[in-house]
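Contents: one structure, followed by commentary.
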Amino acid sequence: MDDNKLIAQIAELRAKMREWKKLQIERKNRKMAEDKDKKFSVWSEYTDEDKSALEELAAGYIDFISRCKTERESVVEAVKRAEAVGYKNLDDVIKSGEKLHAGDKVYCVCMKKTVALFQIGTEPLENGLKILGAHIDTCRLDLKQNPLYEDGGLAYMDTHYYGGIKKYQWVTLPLAMHGVVVKKDGRVVEIVIGENDSDPVFCVTDLLIHLSQEQLKKTADKVITGEKLDILVGNYPLKENDKESVKKGVLKLLKDTYDLDEEDFISAELALVPAGKARDLGFDRSMVLGYGQDDRVCSYTSLVAMLEAANQTFGKTACCLLVDKEEIGSYGATGMKSRFFENTLAELLNACGQYSELALRRALKNSFMLSSDVSSAFDALYADAYEKKNVAYLGKGMVFNKFTGSRGKSGSSDANAEYVGKLRAILDKHNVHYQFSELGKVDLGGGGTIAYMMAEYGMEVIDSGVAVLSMHAPWEATSKVDIYETKKGYAAFLTEI
C-alpha cells in the first residue's frame, strides 16, 4: 500500500475517533442533565397548602417589582413594611439616648438608597450577626445632567446606561421615567411617568430594516452604541418656525406640570426603565416575567424572610441589608464598598451598650452572611454556554454559588467547605430544595457580587439566591418555585445560624 494513502487512512480514522469521542461526551452530558431533571420535581412534592403559599408570595413579589423600580422606591417600601411590624429608625433611637435590648428591631437608611434592618438577639453583638445581603439597584438608562436637545424636529433626552447591558435590547421598548429632581430650595419633586395606562411613554429609536445593510454588518456590541441610547420625548412645536420650538414645548410642559426648569436636571436622578407590570409567564403561570429581577428577587425574599421573623427570639442578631450600586462595582457612599454598614454596626453596638473597637471587629469577623444574589439559569437555546453538571436549572430550587469571579476564579469570594456543610444541614432540616451552580463555562466570562467585600472582614460568606433567565435584559424570567424555596432558605438561615 502506498505510504501516502496509508497516512491519509490513519488520519481519517483518527478524525472519526475524535468525532466518536465527542459524541460520547455529548451523550454523557445529556444523560447527566436528564438524570438531574429526573432527580426531583419540586412542583410534584408540593401540597395544596404549599402551592397556596407560593402563589401568595409570588403575587406580593410581582406587585413589589412592578411598583419599586429604583433603589429609592425599594427603600421606601422596605421601611414601610418594617415599621408595620415594629421596626424603629435607629437615628431616632440614637437621638433619644434610648438603649436597645434583645428583641428590639431597628432600621437605618443611607441617602435614601440603602437600608439595613436589625433584630437584636440575646447574644452579645461581638459573637457575630446573621446577615442577608442583597442589592436593590438594577440595570437601566440614566438621564445625563444636561439631557434635553432638539434635532430634526424631534426632542430627545441624552442618557448614560447603568450596569452591564446588551445595548441593542433597549431600543424600541416602551420606557417609563422614575426618579427625583431636587430644586435649589431643597424641594424634592418625585417623577413617575409611563406606568399608568393614561401616561405617555418614551423610547429609544432604531434604524429601519430597509436602510440597515451597513448597521447589520456590525458586531452585536457595536450595533447600538451608548451615545445612541437617547430617548425620544417630543415632536410638538411650541411655536412654528421658532428655533428649538419642540424642545421649548417640552420645557413648558415640565414647567406647567412639575415646576421644573431646564437647569433643574443638574440636580436630578432620573432613570428610564421598561414600562409596565411584571406578569405571570407561561401557559401554566409557573414563572414570572419582569424588569430588574436581578436582584430584587433576592432583596424581596430576604426582606420577607426577615419581617416574617419579627416575633422570633434570636441568639445572634439578625440583619437584612439592601444596598445600592452593585451593578457598577459597589462604589459610592450607598454602595457596599462604603463604610455605611460598618458605621451603622458601630452605632448599633453603642446603642446596645456594647461598643468598643475590638467588639466591632469581632462582630464583623464572627458573622455569617448569605450574599443574596441571582445566578444564571440553564437555557437550552444557548446550551453551549453552560457546563450542565454545574449549572442552575429553573424550577429546581434555591441556588448556591460557592464561588463567582471569572475564568481562574479571578475576583471571587470562595466559601469555606465547612460553611457549606453547615448550610446543607440547615437546608435539609427545613426541607429546602437547593442546587449548586456556576455562572457558566469556565472561560466564557463571569461576574461578581457583594460577597468578597464582606469576606474582607473575615466573616463566612456564600452567594445564594434565585436562578434567572435573560439576566440583565430589560425583561428577565424566574420560576415561582425557586422564589418560594429561596424565601424558605433565607428563613431557615435566620432561624438556625
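Quick notes
- Under 10 Å, Cβ to Cβ, from Asp221 - net charge with Lys/Arg +1 and Asp/Glu -1: +4
- Normalising the average separation of contacting C-alpha pairs (under 8 angstrom, six or more residues apart) by the number of residues puts the relative contact order of the chain at 21 percent.
- The accessible area of Ile10, taken with all protein chains in place and a 1.4 Å probe, comes to roughly 70 Å².
- Cα-Cα P(r), the stretch 62-101, percent of pairs per 10 Å interval: 26, 39, 24, 11
- Taking max minus min of the alpha-carbon positions on each principal axis, the stretch 208-277 gives extents of 45, 33, 27 Å, largest first.
- Mean-position separation - Cα centroids, the stretch 304-336 and the stretch 203-258, in angstrom: 39 Å
- Shown here are the Rg and Dmax of the Cα trace of the chain, at 25.8, 100 Å.
- Amide H contacts of Ser375 (H built 1.01 Å from N, in plane; Pro and chain starts excluded): Val466, Ala467, Val468 sit under 5 Å, all sequence-distant by 5 or more or on other chains.
- Other residues lying with their Cβ under 15 Å from the Cβ of Ala309 contribute a combined charge of +3, Lys and Arg counting +1, Asp and Glu -1.
- Greater than 22 Å apart at Cα, pairs in Lys183/Lys325; Lys105/Lys480; Lys112/Lys337; Lys218/Lys441; Lys365/Lys422: Lys183/Lys325; Lys105/Lys480; Lys218/Lys441
- Protection proxy ranking of 201-213, 462-474, 356-368, by the mean of other Cβ atoms within 10 Å over each peptide's residues and highest first, is 462-474, 356-368, 201-213.
- Accessible surface for the chain, divided over its residues, is 49 Å² per residue with a 1.4 Å probe.
- P(r) weight above 24 Å for the stretch 266-365, C-alpha pairs, percent: 46 percent
- Value of Rg to Rh for the stretch 191-318 (Rh from inverse mean 1/r over Cα pairs, i.e. Kirkwood): 1.11
- The residues packed around Ile62, meaning those with a beta-carbon under 12 Å from its beta-carbon, carry a net charge of +2 if Lys and Arg are +1 and Asp and Glu are -1.
- Here, the stretch 60-169 is characterised by an Rg to Rh ratio of 1.14, where Rg is the alpha-carbon radius of gyration and Rh the Kirkwood radius.
The values are calculated or read from the model by the stated rules, or taken from the named source; none is laboratory data. Only a predicted model underlies this, so the values are computations on that prediction, with no experimental measurement involved. Ideal geometry is used to build each Cβ from the backbone, glycine not excepted, and the neighbour counts take in all protein chains shown. With ligands, DNA and RNA removed, areas are computed over all heavy atoms of the protein, side chains included. Shrake-Rupley method; radii C 1.70, N 1.55, O 1.52, S 1.80 Å.
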